[in-house]
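Undergrad: Handing you this structure, nothing more for now.
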Amino acid sequence: MLKPRLGHENLGLGVGLRTVHFHHILEHQPEVDWFEIISENFMDSAGRPRHVLEQIADRYPIVMHGVSLSIGSTDPLNREYLKKLKTLAESINARWISDHVCWTGVAGRNTHDLLPIPYNENTLTHLVKRIRIVQDILERPLILENPSSYLEFQDSTMSESEFVCRMAEEADCGLLLDVNNVYVSSVNHEFDPVKYIEMIPAERVVQCHLAGHTNCGTHLIDTHNGQVIDPVWNLFQLMHQRTEGVATLLEWDADIPPFPVVHEEVLKARKYMDENLPVRDQASKEKTVTSPSSTAIPHPASFIVAEVE
Amino acid sequence: MSNESRNLDQLQRWMQTVISWPGGVEAGIDSEAAQSEIPLESSELETIVTASSRQTSLERMGIYANAYYARLLECLSEEYSALVSAMGKTAFGAFSMEYLQEYHPTSYTLCDLGAHFPQFLTEHKPPAEENELNWTDFLIEVATLERVYSEVFDGPGIEQETLLTAEVLNSIQPEEWPEVTLKMAPCFRLMQFQFPVHEFISHVRKGNSPQIPEQQLTCLAITRRNYVVRREVVSQAEYLLLSKLQQGLNVGDAITCLAESDLMEPEELGTKLHKWFKHWTTAAFFIDVSKQ
């Protein structure tokens, strides 16, 4: 029988580490339970980003979240990348390493987007095989996140939730359940997000992501640019009830407000951890943008600008 | 071909081609590269990508296509903010589109995305302008310095190194100095520009909208201290001497090169040398000395 969270600790409520908050965090040492980093921003750094990370890692638990593993690609796995990932994890005592159920490029290219794969037996076999290789190299379970997606393939023969469940069981990996992504994809692909959450094997969920998104009218885009909306909080509550609590993190990557605002947003999760609370009315409104193409960019998009005097 | 048996590799190559095609999804589907993977009319897209009740399959593919250039352009704009200011957003966007087609992103990190941008601009400099300095040269120089800033900022530095001390330098006997070679800091860069691009970049980073400056030969010594990139203007004479030391010449030979350059009068050189070396050591341009 599996231990809850595959034996990982429930780290509490964390925040995605972003460069605009470096100074605040170092100066004020806020009472945050933990931080998640974008792995690729630090793997090769020999400058301030890495220096700041080391200071923060001395004080807070760190989790590594990648955006370029490309586990679903048909390109060979990048072993040099995996080696660097492992080295960084060891040096900052990362609690776990996560990435996404997606591919980011093929034929040697990287689109820097989290692209969807068809969900069928062939792709399942492909992913499971690659996850096992990665886990052997990293010498630890890989934690994979359900992505937000904006299209589905005719080649799919199973739902995303079925695919993710089977992938986790067959590859013996962990799951990072992004409840905002579940919501975004459920609207875009017209499935029931509650059934999705209910289907996920609770003991394999190591971590949860929360984020804001943009409603473009005909579809939602995972922009990480605002507050978490009520329907997503309700999914979080369901996830919390099923898992009995996992490390939970808020991602805020565009129009990033001051650190206390971001921190306050993730602390709202406490309200939904009380199982006696009724599920809130899902009628809360969110703004719909009228010209989404100019502003709504699905994340990831994270570049660190040089500081010059 | 049955749905499930369609080759995943083909599908990924096809999708990558279509969403990164500069002319849009339909043009991407029609492109030779996409057709070689999956022969398809754009009207048949639904055989690959499903529609939703609110979006066609074409619109759904369009989300990824729009995001591809928007995301990468956003990152390039952040790294090359002064170049955006100098070129204007529209021209920068157009150049970036061409750059991304010529230099496809291949790295796992976005830090490498703009690595070839200065080279790309140089390669695309209009041929008629080859022998005269103008706006294009200025743009290339801005891009070059912005990229150097990025590399110095996140590359190897000297923050964890033991720096040269006065004791070490004082231990070198005067007669030994000509034979001494100096090891430059790994973050040290010596650059020469035809325009004062450093000032232009600084103004932009402070939120100003500076005018394109007049041509002015500008030599810069760039390094990093306490994890922040520092740059200072050096004279042509300093530039020459530092460049010779950077090439590995010993102090005596480097000074000889400078003395033979006519950049300074011999008596002026004598008074300047001590001051320069003292400052360069304090600024940690050098991190070690060796006596041959």
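The values are calculated or read from the model by the stated rules, or taken from the named source; none is laboratory data. The shown structure was predicted, so the numbers you read here are calculated from the model rather than taken from an experiment. Don't worry about glycine lacking a Cβ; one is built from the backbone with ideal geometry, like all the others, and counts go over all protein chains shown. To get the accessible areas, we keep the full protein, side chains included, count just its heavy atoms, and leave off ligands, DNA and RNA. Shrake-Rupley method; radii C 1.70, N 1.55, O 1.52, S 1.80 Å.
Undergrad: Buried accessible area for the A:B pair, summed, 1.4 Å probe, in Å² rounded to 100?
TA: Protein heavy atoms only, the A-B interface buries about 5800 Å².
Undergrad: On the first, second and third principal axes, largest extent first, how far apart are the outermost C-alpha atoms of the range B:1-73 in Å?
TA: The principal-axis extents, from largest down, are 37, 30, 19 Å.
Undergrad: Here's a follow-up. Could you sort the residues of the range A:110-134 by number and keep only those whose accessible area is reduced by 30 Å² or more in the all-protein-chain setting relative to the chain alone, 1.4 Å probe?
TA: A:ASN110, A:THR111, A:HIS112, A:ASP113, A:LEU115, A:ASN122
Undergrad: Can you give the relative contact order of chain A as a percent, counting alpha carbon pairs under 8 Å and 6+ residues apart?
TA: Relative contact order here is 19 percent.
Undergrad: Express the carbon and sulfur contribution to the solvent-accessible surface of the protein assembly as shown as a percent, rounded to the nearest whole number, probe 1.4 angstrom.
TA: The value for the protein assembly as shown is 49 percent carbon and sulfur by accessible area.
Undergrad: OK, next. In whole angstrom, how long is each semi-axis of the equivalent ellipsoid of the range B:173-232, when you take the square root of 5 times every eigenvalue of its Cα gyration tensor and sort them from largest down?
TA: Listed largest to smallest, the semi-axes of the range B:173-232 are 32, 16, 7 Å.
Undergrad: Starting from the range B:186-292, pick out the trypsin sites (Lys or Arg not before Pro) whose DSSP state is loop and whose Cβ has at most 12 other Cβ atoms within 10 Å.
TA: B:LYS206
Undergrad: Dipole of the protein assembly as shown, Cα-centred, from +1 at each Lys and Arg C-beta and -1 at each Asp and Glu C-beta, to the nearest 20 debye?
TA: Roughly 1100 debye, rounded to the nearest 20.
Undergrad: Can you find, among B:GLN160, B:ASN208, B:TYR239, the residue farthest towards the positive end of the dipole of the range B:160-292? Put +1 on the C-beta of Lys and Arg, -1 on that of Asp and Glu.
TA: B:ASN208
Undergrad: For chain B, what does the accessible surface come to per residue with a 1.4 Å probe? Please give it in Å².
TA: In whole numbers, chain B has 47 Å² accessible per residue.
Undergrad: Distances over 22 Å make up what percent of all Cα-Cα pairs in the range B:165-292?
TA: For the range B:165-292, the fraction of Cα-Cα distances above 22 Å is 42 percent.
Undergrad: Then there's this: Can you give me the Cα centroid spacing of the range B:156-173 and the range A:11-50 in angstrom?
TA: Taking the Cα centre of the range A:11-50 as reference, the centre of the range B:156-173 is 32 Å away.
Undergrad: Another question, if that's okay. Can you give me the relative contact order of chain B as a percent, contacts being Cα pairs under 8 Å and 6 or more apart?
TA: 15 percent
Undergrad: Sum -39500 (n - 2.57) across every DSSP H segment of at least 4 residues in chain B, then divide by the residue count to get the 222 nm mean residue ellipticity, nearest 500.
TA: -15000 deg cm²/dmol
Undergrad: Using the Kirkwood formula over every pair of different C-alpha atoms, what hydrodynamic radius in Å results for the range A:4-295?
TA: Result for the range A:4-295, one decimal place: 19.4 Å.
Undergrad: Please state the shape class of the protein assembly as shown: rounded when a/c is under 1.5, otherwise prolate if a/b exceeds b/c and oblate if not, all from the C-alpha gyration tensor.
TA: Prolate.
Undergrad: Across peptide A:137-150, what mean number of C-beta atoms from other chains lies inside 10 Å of a residue's C-beta?
TA: For this peptide, the per-residue mean of nearby foreign Cβ atoms is 1.
Undergrad: Stokes-Einstein diffusion coefficient for chain B at 37 °C in a medium of 0.692 mPa s, Rh from the Kirkwood formula over Cα pairs: what value in µm²/s?
TA: Answer from the Stokes-Einstein relation: 143 µm²/s.
Undergrad: Normalised by the residues of the range B:161-291, what does the relative contact order come to in percent, with Cα pairs under 8 Å and at least six apart?
TA: Taking the mean separation of contacting Cα pairs over the length of the range B:161-291, I get 37 percent.
Undergrad: Pairs to check: B:LYS125/B:LYS206; B:LYS89/B:LYS125; A:LYS3/A:LYS84; A:LYS3/A:LYS271. Give those whose C-alpha atoms are more than 21 Å from each other in this structure.
TA: Table pairs above 21 Å Cα-Cα are B:LYS125/B:LYS206; A:LYS3/A:LYS84; A:LYS3/A:LYS271.
Undergrad: How much net charge surrounds B:LEU263 when only the other residues with a Cβ under 15 Å from the Cβ of B:LEU263 are counted, with Lys and Arg +1 and Asp and Glu -1?
TA: -4
Undergrad: With n ≥ 4 as the cut-off for DSSP H runs, can you work out [θ] at 222 nm for chain A, using -39500 (n - 2.57) per run divided by the number of residues, rounded to the nearest 500?
TA: -10000 deg cm²/dmol
Undergrad: Right, something else. For the range B:67-106 and the range A:88-146, what is the separation of their C-alpha centers, rounded to whole Å?
TA: Using only Cα atoms, the two centres lie 28 Å from each other.
Undergrad: Let me spell out the model: positive unit charges on the Cβ of Lys and Arg, negative unit charges on the Cβ of Asp and Glu, origin at the Cα centre of the range B:161-291. What dipole size does that give, in debye rounded to 20?
TA: 840 debye
Undergrad: Further, regarding this structure: When every alpha-carbon pair in the range B:232-292 is counted, what percent end up more than 19 Å apart?
TA: When every Cα pair of the range B:232-292 is considered, 24 percent fall beyond 19 Å.
Undergrad: How much of the DSSP bridge set in the protein assembly as shown is antiparallel, in percent, rounded to the nearest 5?
TA: Taking every DSSP beta bridge with both residues in the protein assembly as shown, the antiparallel ones total about 40 percent.
Undergrad: Oh, and also: Along each principal axis of its Cα atoms, how long is the range A:41-167 end to end? Whole angstroms, biggest number first, please.
TA: Result for the range A:41-167: principal-axis Cα extents of 48, 27, 26 Å.
Undergrad: Would you mind pulling out the separation of the Cα centroids of the range A:154-180 and the range A:194-237, in Å?
TA: With the range A:154-180 and the range A:194-237 each reduced to a Cα centre, they are spaced 15 Å.
Undergrad: Where a Cα-Cα gap under 21 Å defines reach, which lysines qualify for B:LYS278, not counting those fewer than 8 residues away within the same chain?
TA: Excluding near neighbours in sequence, the set is B:LYS183, B:LYS244, B:LYS291.
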